[in-house]
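Everything below concerns the one structure shown next.
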Amino acid sequence: MDNQKEINAEQEQSESGKRGTDSGINMQWYVLRVAANKEVQVKEALTQKVEREGLSDIVGRIEVPVEQVKRIRGSKQTVHKRKLYPGYVFMEMEPTEDGRVREKAWFMIKETSGVGDFIGTEGVPTPMRDTDVAKMLLEAERPEEAPSIRVEFEKGDMIKIREGAFENFEGTVDSIDSERGIVKVIVPVFGRPTPLDIEYWQIEKI
C-alpha cells in the first residue's frame, strides 16, 4: 500500500513538473526584426499560427508596445497609436538546450511575411535582459492612458518657421508647453529678439 502511495506521489511530481514547463517556466524573450510598418501584421499572423499549429507550449506571448499620441493642427485634434520600437516584435519562446529557436517555431516564423531575423550572433538569438523585459512588458501591458502630445523639440534647438505670418523666420526654442502643443521661440524681428508662441507642427529643426 505504501509503495502504491509513493508511486502516486512520484507521478504527481512528474505531472507537476510538466505543467511547470508548459506554463512557460523555461521561456525567454527575444527581439525579432520585421519590415517597417509591418509590426502589428506580423504579430497578428504569428499569434494565429501559434494557435492553429498548436505551438503554445514553445511560443508564449508576442508583443508590439505602442503609446497613444495626440496631434493638434489648428483647431483639429487627432489621436493615433505610435509604436515604441519601430521595426521590432518581441517574442517569448522556449529555446533548445544550445539556445537556438526550436525547429517548429523557426519554420513558422520564417514563413511569415515581413519577418527578418532575430537579434543575436551566428544564428543564435540573444535573450533579452530581465530589466529590458520588465520595461517592455510594462509598456506593452499598461492600460490605455490619455494621449500625450509628442513635441520633438528641446530648449535651445535652432528652428525655422514653416507656416504663418512669420514663415521662413529662424530662431531658437525657449520653452515648450507639451499639454497645448505650443513652442515658445525667440526670433529676430526688426533686429530685436522677439518671443513668439508657435504650434509645434509649424516649425522644423535646422
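Laboratory data are not the source of any read-out in this text; all were calculated from the coordinates shown. Computed from a predicted model, the values in this text were never measured in an experiment. Reconstructed Cβ throughout: ideal geometry from the backbone, glycine too, with neighbour counts over all protein chains shown.
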- Message: Please compute the modelled spin-label separation between residue 98 and residue 51, points set 7 Å along Cα→Cβ, answer in nm with one decimal.
- Response: 3.5 nm
- Cα-centre dipole for region 25-149 with unit charges at Cβ (Lys and Arg positive, Asp and Glu negative), debye to 20: 900 debye
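Going through the cross-link list 49/135; 38/81; 83/205, which pairs have a Cα-Cα distance over 25 Å in this structure? Don't skip to the end; give the middle numbers.
Working: 49/135 27 Å; 38/81 14 Å; 83/205 23 Å.
Listed pairs above 25 Å: 49/135.
What share of Cα pairs, in percent, lie more than 17 angstrom apart in region 25-149? Please list the in-between numbers first.
On the way: 4626 of 7750 pairs.
Value for region 25-149: 60 percent of Cα pairs lie more than 17 Å apart.
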- Note on the structure: Per the charge dipole of region 25-149 (beta-carbon charges, Lys/Arg positive, Asp/Glu negative, Cα centre), the residue among 112, 35, 131 reaching farthest to the positive end is 35
- Mean Cβ count within 10 Å, highest first, over the residues of peptides 133-141, 30-38: 30-38, 133-141
- Item | Simple spin-label estimate for residue 81 and residue 180 in nanometres, 7 Å along Cα-Cβ | 3.2 nm
